[in-house]
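The values are calculated or read from the model by the stated rules, or taken from the named source; none is laboratory data. What you see is a predicted model; the values in this text were computed from it and never measured. Ideal geometry is used to build each Cβ from the backbone, glycine not excepted, and the neighbour counts take in all protein chains shown.
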C-alpha cells in the first residue's frame, strides 16, 4: 500500500496494491498493522457506513464534536467522488487547511481523515457508492457542520453550482467563523 501525507496533519491518501488478471482483481483494502506502520495512527474502527448518491449530490461538510469526534477511512465502491476534508482542530498547525482528492472505484484510493476534521464529498459520476469506517459511534447531539460554500475555504467542488443537490440541512450550516468548536 502506498501512503501519501496530505497538507493536513494526520490526513493520508492511500493507494492499495492491486493484483489483476483476466479474472478480475484482488486487493487488501485494509490491514491494521500496515496502516499503523505507515501512518502512525492507531484507530480502532467500530462502525461502517455506506451511502449511495446520484451525480451532483453534495454531502457535507460534517463532523462530530468533543468526545464523539470520529476519524474516518473513506473509499468509493462504485463511481467517482470529489472527497474533501477541512482541519477544524484549534491549535493544529494545519488549522483551516483543505484537502481534496478524487476517489473512485477505478483508482481504489482511500483517504484517512483524523478526528477534528470536517468532511464532505460530491458525486461526480452518474451514481456512487461511498463507504467509510469510523473509530467512534455516531452521536446526534454531537454533530456539527460547516457550510460547503464557505468563502474562507474556496473549495472547488468541480461541478457547477447549478448542478449541486444539497440537503436543506447542509444549505444552512454555519460558516467556519460561526462554528463553535469544543
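Taking the conditions exactly as written (touching a residue at least 12 places away in the same chain (Cβ under 8 Å) and over 25 Å from residue 8 (Cα atoms)), does residue 128 satisfy them or not? Spelling it out, residue 128 is indeed touching a residue at least 12 places away in the same chain (Cβ under 8 Å) and over 25 Å from residue 8 (Cα atoms). Considering the conditions (1) without any contact (Cβ under 8 Å) to a residue 60 or more places away in the chain; (2) buried (at least 17 other Cβ atoms within 10 Å of the Cβ), residue 20 is excluded by exactly one of them, (2).
Taking strands (runs of 3 or more DSSP E) as the structural unit, those lying wholly within segment 71-121 and holding at least 1 residues that are over 17 Å from residue 49 (Cα atoms) correspond to 80-87, 98-104. When residue 77 is tested against the conditions (1) on the phi > 0 side of the Ramachandran plot; (2) modelled with pLDDT of 95 or more; (3) surrounded by fewer than 18 Cβ atoms within 10 Å (Cβ to Cβ), the lone failure is (1).
Please verify whether residue 64 is in contact (Cβ under 8 Å) with a residue 24 or more places away in the chain, under 15 Å from the mean Cα position of the chain (by Cα) and either under 23 Å from residue 2 (Cα atoms) or surrounded by fewer than 19 Cβ atoms within 10 Å (Cβ to Cβ) (or both), treating the condition exactly as stated. The answer is no for residue 64. Quick one: would you say residue 33 is without any contact (Cβ under 8 Å) to a residue 60 or more places away in the chain, out of contact with any helix residue (DSSP H, G or I) (no Cβ under 6 Å at 6 or more places or on another chain) and outside any helix (DSSP H, G or I)? Answer is no for this residue. Filtering segment 49-65 to residues that are within 16 Å of residue 119 (Cα to Cα) and not in a strand (DSSP E or B) leaves only 65. Tell me yes or no: at least one residue of segment 91-114 is without any contact (Cβ under 8 Å) to a residue 40 or more places away in the chain, closer than 17 Å to residue 10 by Cα and over 11 Å from the mean Cα position of the chain (by Cα). Checking segment 91-114: at least one residue is without any contact (Cβ under 8 Å) to a residue 40 or more places away in the chain, closer than 17 Å to residue 10 by Cα and over 11 Å from the mean Cα position of the chain (by Cα).
Counting the residues of segment 122-150 that are in contact with a helix residue (DSSP H, G or I) (Cβ under 9 Å, 6 or more places away or on another chain) and either surrounded by fewer than 18 Cβ atoms within 10 Å (Cβ to Cβ) or part of a loop (DSSP other than H, G, I, E, B) (or both) gives 12.
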